[in-house]
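Beneath this line is the structure, given in structure tokens, with notes to follow.
Where a number appears in this text, it was derived from the coordinates with a stated rule and is not lab data. Everything numeric in this text was worked out from a predicted model, so none of it was measured. Please note: Cβ atoms are built from the backbone with ideal geometry, for glycine as well, and neighbour counts cover all protein chains shown.
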């Protein structure tokens, strides 16, 4: 313990010998350094002095104490003296508490003694009292969406634990507890509780589950009186609906944990023997943290989740703002949630949505334009690889714009074979597929488009099959790039940048204009005419075979104004359900 002692000897205020200033300095020096035995021995009541000095040091747990004499207030007579002092308590967490006081001394046969009374420690401390530190924790700051709506707000969470030492019949307690709380966490079973308790170290407790207060109140009558079952309480940031944005908000919470706690306030108080507070001696108010703002939109997230509600299989929507890269929504239904955050990091064949990239590669060569005539036969043989259109439909010779809108596999397979091996890889990267984004708190994958050395492989890649894989996140990036003319770097929290790597080159303005007109044609006359009643929708449908080729995913990728999105329905069989989900999504947004 550090101690700063300014001697009283030079003050000239004490005339008796031995000098009382030496006793005062010795007393406070010993107390400051933690030698309460020595300090107490310098008083006229060593036992009660040591008891209180120990209590105070334990209660305040100082990192150090500084003692300073206050000479201008010292005085003495032949057998009595008064010494003024200042104590500086350096408490944990960089807290400082300073005050002045006085100590009375008197001369006895064996020298000067400090007249013991609690006020020697602090002027307001009385008999049968001690000091205590009270910590005032500020309320957690909320996490708001882009419009100021609370995504995460403080809620009481009740922790349920088992104390093996007092549980008695463990099997019976575990059975009743699992029956009550298992509805909130299916992993909690009678056997899991028994196994967990048995693995607990001697003297420890086993944490069963953490429940929202509203859930706890439902089961409290069934578990509160169970032997050995104990409860803790704390505030945590939670979404009002535990199912809302559940693939994103837990990550957001982990990111902001150290930013929303604020700075705890603290007070030094006097307390009686029962620990009840009597008087406040010092106070430093709590400092709440400011709210954290996310780029997410409650309105867009809600619309996306509702659009997926009727779908029985795994389905997902990712939406972002092309102009800023702000991530607006990551929605998955329950079957998708069971597989993890697949909207952001799943790898799926993109099917015909990849024709956006094939078209970009072909248009960039300058050899074709939207009105360039191209063939769209029902099937085509490219070095042994038979590529069919869906249902083997054929259009004959049509403008590239029409082949794109009607989704001619044969056309785009042939376009891809006329390109260099890495052309689709480069075009994909220019649209953001293949980029690496270190989005704090989330794992994201945009996709992979390897170079294709063989004609057959380029043909398959050209209409989104073969070795091409993407995620809804990656295809939403691609759609946003077409809309904005540059790859948007996605963000999740305001003020938190996203490192990005492997970004491609800017796409020529004339190529972007062509892609936009072709994606608009898909909606007005092509495979997504179900969206024709909505204003300014651009997009591309996709049916992507997987496995043995008998099953297909359904895609729709597009944008409307400053909103880009990708919809994927796993195993839907065609793109039609994805278009229908897109329709529900956009109509809900108005």
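In table form, for the structure just shown:
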{"quantity": "Relative contact order (percent, whole number), the chain, Cα cutoff 8 Å, 6+ residue spacing", "calculated": "11 percent"}
{"quantity": "Cβ-derived FRET efficiency at R0 30 Å, residue 195 paired with residue 494, nearest 0.05", "calculated": "0.10"}
{"quantity": "Label-point separation, residue 96 to residue 241 (7 Å along Cα→Cβ), nm", "calculated": "5.1 nm"}
{"quantity": "Using alpha-carbon coordinates, inclination of helix 509-524 to the longest axis of the chain, degrees", "calculated": "80 degrees"}
{"quantity": "Computed E for residue 128/residue 306 - FRET, C-beta separation, R0 60 angstrom, nearest 0.05", "calculated": "0.40"}
{"quantity": "Proportion of all alpha-carbon pairs of region 201-326 beyond 25 Å (%)", "calculated": "58 percent"}
{"quantity": "Inter-centroid distance (Cα atoms) of region 123-145 relative to region 157-215, Å", "calculated": "32 Å"}
{"quantity": "Spin-label zone in region 233-252 - amide nitrogen under 12 Å from a point set 7 Å from the Cα of residue 184 along the C-beta vector", "calculated": "233-234"}
{"quantity": "Where N is the number of residues in region 36-135, Cα Rg divided by 2.2 N^0.38 Å", "calculated": "1.11"}
{"quantity": "Footprinting exposure proxy for 58, 292 (fewest neighbouring C-beta atoms within 10 Å first)", "calculated": "58, 292"}
{"quantity": "Using alpha-carbon coordinates, inclination of helix 472-484 to the longest axis of the chain, degrees", "calculated": "70 degrees"}
{"quantity": "For region 110-203: rounded, prolate or oblate by the Cα gyration tensor [a/c cutoff 1.5]", "calculated": "oblate"}
{"quantity": "Percent of beta bridges antiparallel (DSSP, region 9-126, rounded to nearest 5)", "calculated": "95 percent"}
{"quantity": "FRET efficiency, 1/(1 + (r/R0)^6) with R0 25 Å, evaluated for residue 149 and residue 534 via beta carbons", "calculated": "0.50"}
{"quantity": "Ranking of 200, 270 by count of other Cβ atoms within 10 Å, fewest first", "calculated": "200, 270"}
{"quantity": "Region 143-284: C-alpha gyration tensor shape, a/c 1.5 cut-off, then a/b vs b/c", "calculated": "oblate"}
{"quantity": "Residues 116, 555, sorted so that the one with the fewest Cβ neighbours within 10 Å comes first", "calculated": "116, 555"}
{"quantity": "For region 443-512, alpha-carbon Rg over 2.2 N^0.38 Å", "calculated": "1.30"}
{"quantity": "Net length gained if the chain between residue 166 and residue 337 were fully extended (0.36 nm per residue, minus Cα distance)", "calculated": "57.7 nm"}
{"quantity": "Burial order of peptide ranges 392-401, 523-532 (average beta-carbon count within 10 Å, highest first)", "calculated": "523-532, 392-401"}
{"quantity": "Mean-position separation - Cα centroids, region 474-520 and region 253-321, in angstrom", "calculated": "32 Å"}
{"quantity": "Net length gained if the chain between residue 176 and residue 438 were fully extended (0.36 nm per residue, minus Cα distance)", "calculated": "89.8 nm"}
{"quantity": "Label-point gap, in nm, between residue 422 and residue 258 - each point 7 angstrom along Cα→Cβ", "calculated": "4.0 nm"}
